[in-house]
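Right, one structure below, let's go through it.
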Amino acid sequence: MSTQQPFIYREPAPILDKENPFESMMQRFDVAAHLLNLEPGVYEYLKTPVRQIIVSIPIAMDNGEVKVFEGFRVIHNDILGPSKGGIRYAPDVSLDEMKALAAWMTWKCAIMNIPFGGAKGGVRCDPSRLSPLQLEKITRRYTSNLIDTFGPDRDVPAPDMNTNEQIMAWVMDTYSMHMRKTEPAVVTGKPLLLGGSLGRREATGRGCMISALSAMEKLGMKPKDTTVVVQGFGNVGSITAQLLREQGCRIIGVGDVSGAFYNKKGIDIEKALEWVRTNRTLAGFPGAEAIDQDALLELECDVLVPAAKEDQITHRNAGKIKAKIIVEGANGPTTAKADPILQEKGILVVPDILANAGGVTVSYFEWVQDRVGYFWSLDRVNSRLERMMKEAFHSVFVTADKYKVSLRIGAYILAIDKVARTLKLRGIYA
Ligand code: NAD
């Protein structure tokens, strides 16, 4: 390997704003690989998923008609340990999306110092049009099709978009039935009763809150003087808002798929959560003024948390963002074309692979607890999460400073370097 020439960096091809997620990931990967002088063979190795599986999932619908769904599982890399990554159910699930998300999981686990590789899976379906019975059948058939892929020492799924604790319970049960023994560690994000971890549900939002506080500290900002806007009011967004509020920040804007809301005096997050529990979305929330969805991201504020979906900050709106800090709760909320605009404006972006890594960290804790058969208190989960998030933030910050790059590229450098060095030590088996 060592006789090869260093990887040659080429300017990325121009890309559209609705980016191919894999190419978007690769653009950042290429910059980091160039700065690391990655050898071409190692570059090729790290960009290529080790396994890409497509399965067909035939289901007898409630009226007896047979429908066939397509399912995916991509193992990007398993050199650091068993691969880890969520399963999402959505109509636009594609292999390219799975490849990008699986690679992000590899980098996330490497940054967090978790002994896991990266994977992602999904089923192309519209869960809002499926009955609970159909969802169960899809989940069980998907799991049994992947029975040789999954396993506590091989590949460990978790929830992602439109999948939840119940779906993880069905994955665990199906796997356990095939293995003829109960195997809780095959999946994380399970209900507590089945070996789930305390604090898992709040973990991603808690990690975002810790990342936001770490970034604020770097800029000398005090929580009580800090205004925050959060896009997305689901698991990640609502918990980040709630925890930042508890730290003393003023949450002046929130939004979800139904609309955006602004109150310069501060939004009562408990009331907004109560409203969503009753009405499913923020639509009609009386505690703030309704504003345009686009205007939410462009509000005058100190910290912006995009925690809804990908491709929200693009080259079209990046120039209008006024926040000093962006904490990426969602995966891929900023397009590669928006990155240099934000950097030019001096906005400190805490990248997704660091900011939202609290979820996979507590998933790791869940896996550890399941394997040992001893369960931790919430205090222990939260204090270990806080320590690991702060350590990861520090390492990314130091790396970015050393290479004089953004935190995003710093995070990629840190992760790629760790995986590449592990590969060197292990060598290539042939
Ligand atoms: P969720 O389904 O609980 O919430 C998503 C929120 O975004 C909802 O409030 C929804 O109304 C809102 N939303 C959807 N489309 C929108 C739009 N066009 N404009 C404004 N708001 C919109 O999902 P989640 O688990 O909170 O995940 C959100 C993001 O965080 C995703 O990118 C996910 O991949 C990422 N993420 C989640 C976790 C986790 O543990 N849940 C971990 C890491 C990353």
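The values are calculated or read from the model by the stated rules, or taken from the named source; none is laboratory data. Computed from a prediction, not measured in an experiment: that's the story for all the values here. Reconstructed Cβ throughout: ideal geometry from the backbone, glycine too, with neighbour counts over all protein chains shown. SASA here: full protein model, heavy atoms, side chains in, ligands and nucleic acids out. Shrake-Rupley method; radii C 1.70, N 1.55, O 1.52, S 1.80 Å.
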Scan of the stretch 295-337 for residues that are within 13 Å of the ligand (Cβ to nearest atom) and acidic (Asp, Glu), ordered by number: Glu310, Asp311, Glu328
When residues of the stretch 308-325 are limited to those that are touching a strand residue (DSSP E or B) at 6+ places or on another chain (Cβ under 6 Å) and of a type in the set (A, V, I, L, M), the one nearest to Lys264 (Cα to Cα): Ala323
Residues of the stretch 147-188 that turn out to be in contact with a Phe, Trp or Tyr (Cβ under 9 Å, 6 or more places away or on another chain) and assigned to a loop (DSSP other than H, G, I, E, B), as a count: 10
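Quick grid of which residues meet (1) in a loop (DSSP other than H, G, I, E, B); (2) more than 9 Å from the ligand (Cβ to nearest atom); (3) without any contact (Cβ under 8 Å) to a residue 24 or more places away in the chain; (4) in contact with a Lys or Arg (Cβ under 7 Å, 6 or more places away or on another chain):
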{"position": "Val229", "(1), (2), (3), (4)": "no, yes, no, no"}
{"position": "Phe233", "(1), (2), (3), (4)": "yes, no, no, no"}
{"position": "Leu244", "(1), (2), (3), (4)": "no, yes, no, no"}
{"position": "Gly248", "(1), (2), (3), (4)": "yes, yes, no, yes"}
{"position": "Lys271", "(1), (2), (3), (4)": "no, yes, yes, no"}
{"position": "Glu274", "(1), (2), (3), (4)": "no, yes, yes, no"}
Arg380, sole failed condition from (1) touching a residue at least 24 places away in the same chain (Cβ under 8 Å); (2) open to solvent by 20 Å² or more (accessible area, probe 1.4 Å); (3) more than 15 Å from the ligand (Cβ to nearest atom): (1)
Those residues of the stretch 60-74 which are touching a helix residue (DSSP H, G or I) at 6+ places or on another chain (Cβ under 7 Å) and modelled with pLDDT of 95 or more, in sequence order: Phe69, Gly71, Phe72, Val74
Of the criteria (1) among the charged types (D, E, K, R); (2) at pLDDT 95 or above; (3) touching an Asp or Glu at 6+ places or on another chain (Cβ under 8 Å), which one Arg10 fails: (2)
Test: residue in the stretch 126-138 that is free of Cβ contacts under 8 Å to residues at least 12 places away in the same chain, open to solvent by less than 40 Å² (accessible area, probe 1.4 Å) and within 27 Å of Leu80 (Cα to Cα): no
Filter result for the condition that a residue is open to solvent by less than 20 Å² (accessible area, probe 1.4 Å), closer than 20 Å to Arg200 by Cα, within 16 Å of the ligand (Cβ to nearest atom) and not assigned by TED's automatic domain parsing to the domain that holds Gly253, over Ala411, Ala355: Ala355
Qualifying positions in the stretch 184-197 - of a type in the set (A, V, I, L, M, F, W, C) and either open to solvent by less than 10 Å² (accessible area, probe 1.4 Å) or within 15 Å of the ligand (Cβ to nearest atom) (or both): Ala185, Val186, Val187
Boolean, Val257 is among the aliphatic types (A, V, I, L, M) and out of contact with any helix residue (DSSP H, G or I) (no Cβ under 8 Å at 6 or more places or on another chain): yes
Residue match in the stretch 106-122 (condition: part of a helix (DSSP H, G or I) and over 22 Å from the mean Cα position of the chain (by Cα)): no
Count - residues of the stretch 250-269 that are more than 8 Å from the ligand (Cβ to nearest atom) and either open to solvent by 50 Å² or more (accessible area, probe 1.4 Å) or assigned by TED's automatic domain parsing to the domain that holds Asp160 (or both): 5
Residues of the stretch 201-227 that turn out to be crowded, with 23+ Cβ neighbours inside 10 Å and either within 16 Å of the ligand (Cβ to nearest atom) or free of Cβ contacts under 8 Å to residues at least 24 places away in the same chain (or both), as a count: 11
Flag for Arg154 being more than 12 Å from Val187 (Cα to Cα) and open to solvent by 40 Å² or more (accessible area, probe 1.4 Å): no
